[in-house]
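We did not get these values from a lab; they are worked out from the coordinates using the rules stated. In this text, all values refer to a predicted model and were calculated from it rather than measured experimentally. Methodologically, a virtual Cβ is constructed for each residue, glycine included, from the backbone with ideal geometry; neighbour enumeration extends over all protein chains shown.
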Amino acid sequence: MHPVPINEAERLEIVRDLGLVARNSAPALQAICRRALRDFKVSTVLITLVEENEVVELAMAGRDLPMLPRQQAFCSHVIVEDSALVVADLRSDARFARNILVCGHGLRSIAAAPIRHNGQHAIGAFCLLDTVPRDFTRREVSYLQRLAERAATEIWFCDAVNRPNLVLID
């Protein structure tokens with residue numbers, strides 16, 4: 001069983017509301033992924049939306065990985081975190097050691113930050129994945145969190161543009 005946020009019903013309502021909008025923001029998110037891939041020098045960068053039963057890829061750069069059902073996805077753990085989830089060696093973490101991405105695709109480390117809607121509900125994750133064990137510095141984690149905030153802003157902007165009746169300024 002995957003972890004579930006306390007505010008899951010509200011979170012899922014937001015995810016359903018943003019789902020198509022988030023998918024349409026892919027070009028901007030793709031650019032953020034490419035930048036992160038270059039800056040962090042990891043094998044894969046992934047931006048996801050965590051739905052009720054699945055994790056949807058919004059953007060990806062680097063090595064292509066299969067998307068997993070929510071119950072098996074790293075992102076399910078990320079969205080319940082207050083800040084970033086960092087695991088230097090996935091094989092050493094009981095939560096992830098038997099995950100198909102670790103056993104079958106050779107992933108060894110993750111640093112991931114929740115993508116928050118309006119700074120509150122975690123709707124997805126910004127993930128840095130690598131095929132070697134890796135410690136991420138505080139500075140790198142801080143930068144990762146800023147990139148997750150940027151991704152959230154892009155999703156919000158795309159949502160605002162696609163809602164002509166939305167009042168942005170009172």
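From least to most packed, judged by other beta carbons within 10 angstrom and beginning with the fewest, T153, T137, T48 follow the order T137, T153, T48. Residues in the range 94-109 carry Karplus couplings, in order, of 4, 5, 10, 4, 9, 5, 4, 6, 7, 6, x, 10, x, 5, 10, 9 Hz; the curve used is 6.51 cos²θ - 1.76 cosθ + 1.60 with θ = phi - 60°, and Gly or Pro positions show x.
Over the chain, one equal point on each Cα, no solvent: what is log10 I(q)/I(0) by the Debye formula at q = 0.18, 0.19 Å⁻¹? For the chain, the Cα-only Debye profile gives -1.11, -1.24.
Please report the net charge: other residues with Cβ closer than 11 Å to the Cβ of Y143, K and R +1, D and E -1.
On the way: positive: R35, R138, R139, R146, R150; negative: D39, E140, E149.
Around Y143, the charge tally is +2.
Amide H contacts under 5 Å for G124: V50, I115, restricted to partners 5 or more places along the chain or on a different chain, H placed in the peptide plane at 1.01 Å from N. Taking amide H positions as modeled 1.01 Å from N, with prolines and chain starts lacking one, the residues under 5 Å from A59 and 5 or more places away or on another chain are I47.
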